[in-house]
Amino acid sequence: LAPARSARALLGSASSQWMERFAERVMRRPGRSLALGTLVLLVLAAPVTVMRLGSSGSSAIPASMPSIRAAQTIAAIASPGAVAPIRVVVDGHGSRPDTGLVDRIIRDVQSDPGVIATTPSRRSDDGTFMVFETIAAFHEDDERSHQLVRRLRESVLPAALGTSGDSAYVGGAPAQNADFIETVSGRLPLVIALVMLLTFIVLTILFRSVVLPLKAIGMTLLSALASYGVLVAVFQWGWFAGLLGFESLGHVTAWVPPFLFCLLFGLSMDYEVFLITRIRERLDVTDDQLAAIAWGIGRSGRIITAAALIMVVVFLSFVTNRLIPVKEAALGMAVAVILDATIVRMVLVPSFMALAGRWNWWLPAWLDRRLPGSSPA
């Protein structure tokens, strides 16, 4: 009996009375609490509407690094584009590309206002490819370099090739950056939709409800968008750039949003499962919806808060890193965890569940019979 009493005492000490009382106050006026909490997250998320994804190559490295000083010297002598030139490859499809055709392509490329110079063409060992480099007037991470890549691909090169039957490809760091940004921008909605769908399926099986999974997905999406909004304000607009020790690049690094979203959903669902399980555990005993919600928040409060604080401290330690993309990912995760552990868990969850009442646990009978773990009819 002594170990059992010790275990109960330990579990009792994990309950935070002030969190329970706070949840009770929130649920006295659940509509207003839900509206205010949602409004805060929407205000933070507002900058997402103008978020611009970009590449952060050498421009994200501190200017004091020797490699960047060398690049700056090259840029001052030649052009910013000389550090990472655009490469154009003419493919003869098994035969030798006509020299006159390649010369015409080079002349047309040189006529673009974004091009400073081109290098002489070189033929591959088997003679079926011709390669030359294009020196742009802009840095590899500059949006104008990406626009130049698109012009070469969509208009300049097709016009120069005409009906020759040969092909031309645009490569190099600026083209890679443009392709990466385009791919991430195009696939990000798909990634978000896939993560949300899988989360909904897993939580529906676990909670035996369709309302709570929808609630969890919607609120986590709100906190993710709010963290994106903070990233736009800090890294795209340059707020607190001096305090954080960086110079704004005018964009958010393209790989950060999908990385942040997937990681945040994993962490947030851990909180969600832990919290809802405690609420359900109490509800099965008392059959009092509001009391069970407050009890679950209080009982899980210290553990979830401690875990969130540990993660926030770890993430913020990476904000001191000198690489801007690392700063972005670290600050975005820290903000998302803070919002998820405070506004979402302490305000939105109890207010929504208080409003939904018994509908929190609604599951269509036909779906209940088909889910794993259902009792046989």
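Kindly give Rg over Rh for the stretch 89-154, based on alpha-carbon atoms, with the Kirkwood expression for the hydrodynamic radius.
Ratio of gyration radius to Kirkwood radius for the stretch 89-154: 1.01.
Which value in deg cm²/dmol, rounded to the nearest 500, describes the helix-derived mean residue ellipticity at 222 nm for the chain, given -39,500 (n - 2.57) per DSSP H run of n ≥ 4 and division by the residue count?
It lands at -20000 deg cm²/dmol.
May I ask you to evaluate 6.51 cos²θ - 1.76 cosθ + 1.60, the Karplus curve with θ = phi - 60°, for each residue of the stretch 86-92 and list the ³J(HN,Hα) values in order in whole Hz, giving x for glycine and proline?
The phi angles translate into 8, 10, 10, 10, 9, 9, x Hz.
Using amide H atoms built 1.01 Å from N in the peptide plane, name the residues 5+ places from ALA168, or on other chains, whose amide H lies under 5 Å from its own.
ASP91
Once amide H atoms are built 1.01 Å from N in the peptide plane, which residues 5 or more positions from ALA117, or in another chain, come under 5 Å H to H?
It is ILE135, by chain and number.
Regarding the stretch 234-314, what are the three Cα extents along the principal axes, ordered largest first, in Å?
56, 24, 20
Once you treat every alpha carbon in the stretch 298-377 as an equal point and sum by Debye, what is log10 I(q)/I(0) at q = 0.20, 0.23, 0.24 Å⁻¹?
-0.88, -0.99, -1.03
Summing Lys, Arg as +1 and Asp, Glu as -1, what charge do residues with Cβ under 9 Å from the Cβ of PRO174 carry, PRO174 excluded?
Within the 9 Å Cβ shell, the charges total -3.
Please compute the contact order of the stretch 292-373 in relative form: average sequence separation of alpha-carbon pairs under 8 Å and at least six residues apart, divided by the residue count, as a percent.
RCO, the stretch 292-373: 28 percent.
Over the Cα atoms of the stretch 16-109, each weighted equally, I'd like the Debye log10 I(q)/I(0) at q = 0.14, 0.22, 0.26 Å⁻¹, rounded to two decimals.
Values, matching the q order: -0.84, -1.09, -1.23.
Which listed residue (SER121, ALA136, LEU225) has the Cα farthest towards the positive end of the charge dipole for the chain, taking +1 on Lys and Arg C-beta and -1 on Asp and Glu C-beta about the Cα centre?
Farthest towards the positive end: LEU225.
Over the chain, what lengths in whole Å, largest first, do the semi-axes of the equivalent ellipsoid take, defined as the square roots of 5 times the eigenvalues of the alpha-carbon gyration tensor?
55, 24, 17
With a Cα-only, solvent-free Debye model of the stretch 174-286, what are the log10 I(q)/I(0) values at q = 0.11, 0.13, 0.22 Å⁻¹?
Log10 of I(q)/I(0), two decimals: -0.49, -0.63, -1.18.
Roughly how far apart, in whole Å, are the Cα centres of the stretch 102-123 and the stretch 18-67?
Going from one Cα centre to the other spans 46 Å.
Can you list the DSSP H helices in the chain whose Cα atoms extend at least 15 Å along the helix axis and whose mean Kyte-Doolittle hydropathy is -0.5 or higher?
2-13, 30-45, 66-77, 99-110, 173-207, 211-231, 256-286, 289-317, 324-339
Return the Cα extents of the stretch 67-216 along principal axes one, two and three, sorted largest first, each rounded to a whole Å.
Here the Cα extents, ordered largest to smallest, are 70, 42, 28 Å.
Considering every Cα-Cα pair within the stretch 141-210, what fraction, in whole percent, is farther apart than 15 Å?
68
Every number here is computed from the coordinates shown, using simple stated rules; none is lab data. Because the structure is a prediction, the values reported are computed rather than measured. Note that we place each Cβ from the backbone using ideal geometry, even for glycine, and neighbour counts take in every protein chain shown.
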